[in-house]
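Student: Questions regarding the structure given below will be posed in turn.
The values are calculated or read from the model by the stated rules, or taken from the named source; none is laboratory data. A quick note: this is a predicted structure, and the numbers were derived from the prediction, not measured. Glycine gets a Cβ as well: all are built from the backbone with ideal geometry, and neighbour counts include every protein chain shown.
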Amino acid sequence: MKHILVIDDEPQILHVVRDYLAIAGYKVDVAVDFNSAMELIRHCMPDLVITDIVLPDKNGFDIVSDISREFVEIKLIVMTGAGLFDTATLRSSSRELGAEGLLIKPFTGDDLIDMVNRILTMADDDISFLCNVNGQDHEEKKGVRHCGATIAI
């Protein structure tokens with residue numbers, strides 16, 4: 001069973017995302033801040049981390065950067081509210097920092113599960129970047145992952 005960690009400081013979103021993932025058959029842990037998330041990552045080593053960008057103790061982009069540097073085997077999805085950031089900036093920043101996907105809130109449970117399933121079944125050495133904005137999927141070639149580093153192609 002694949003293991004997912006969800007990081008968000010909004011309890012309602014955290015619980016809805018957790019419930020959708022659990023119903024889909026994933027083992028799910030949750031964290032409300034960076035420090036508790038890193039403790040869970042070190043202790044449980046999830047296959048995937050889904051993190052909000054706006055958190056009380058650390059910027060979500062910093063979290064993505066830290067996790068992708070320290071735990072290259074963990075796949076990452078960034079989620080954030082619509083209108084908080086420019087979508088193009090979100091997409092490029094998330095991709096450059098090592099995330100495999102971007103979900104713009106609000107998204108449906110089907111959007112969430114589809115992206116999670118696709119990212120968890122991608123080959124580790126051939127990673128595309130997935131983006132879901134307003135229910136529309138976009139896929140971009142991010143590069144090839146080699147020895148923990150992503151090489152642009």
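Student: Pull up segment 1-13, narrow it to residues that are of a type in the set (A, V, I, L, M) and surrounded by fewer than 19 Cβ atoms within 10 Å (Cβ to Cβ), then point me to the one that is nearest to Glu73 (Cα to Cα).
Tutor: Looking at residues that are of a type in the set (A, V, I, L, M) and surrounded by fewer than 19 Cβ atoms within 10 Å (Cβ to Cβ), I get Met1.
Student: Among the residues of segment 48-73, which ones are in contact with a Leu (Cβ under 8 Å, 6 or more places away or on another chain), at pLDDT 90 or above and surrounded by fewer than 19 Cβ atoms within 10 Å (Cβ to Cβ)?
Tutor: Listed by number, the list holds a single entry, Ser65.
Student: Could you count how many residues in segment 24-50 are without any contact (Cβ under 8 Å) to a residue 40 or more places away in the chain and either in contact with a strand residue (DSSP E or B) (Cβ under 7 Å, 6 or more places away or on another chain) or hydrophobic (A, V, I, L, M, F, W, C) (or both)?
Tutor: 11
Student: Can you tell me which residue in segment 75-102 is modelled with the highest pLDDT, limited to those that are surrounded by 23 or more Cβ atoms within 10 Å (Cβ to Cβ) and under 18 Å from His15 (Cβ atoms)?
Tutor: Per the stated criteria, the residue is Ile77.
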